[in-house]
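> Sharing a structure with you now.
A short reminder: the numbers here are calculations on the coordinates, not readings from a lab. Remember, predicted model here, so these are calculated numbers, not experimental data. Cβ placement follows ideal geometry from the backbone for every residue including glycine, while neighbour counts extend to all protein chains displayed.
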């Protein structure tokens, strides 16, 4: 399974250096790009910046309810983590293991 990113250009450069080969940079069409990504069956993990996730939050919420793959990992962009960010990975761990993860 592939790891892809849906993010801004600066974050894409950093993720390319980390070894992620496929990335999508929205130019006003983040919902269309998300639809393309979510319909593919060869993707296991999607790194998505918090700002892009906010733009398509309605689509992400619907997706998280009905599907488990690919796993969506929200990451901060170059401006840093948002204060009102919800950590969905911790929710997934708690759901799977039954233990809450804390810092």
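> Report the Rg/Rh value for segment 27-79, based on alpha-carbon coordinates and the Kirkwood definition of Rh. Could you put the intermediate results ahead of the total?
On the way: Rg = 10.7 Å, Rh = 11.4 Å.
Reported Rg/Rh (Cα atoms, Kirkwood Rh): 0.94.
> Mind jotting down the distance between the C-alpha centroids of segment 1-32 and segment 38-75, whole Å?
What the calculation gives is 13 Å, centre to centre.
> Something else: Using per-residue counts of other Cβ atoms within 10 Å, averaged over each peptide, order 23-36, 5-18 from highest down. Intermediate values should be presented prior to the final figure.
Details: 23-36: 14.7, 5-18: 16.7.
Listed from highest to lowest mean packing, they are 5-18, 23-36.
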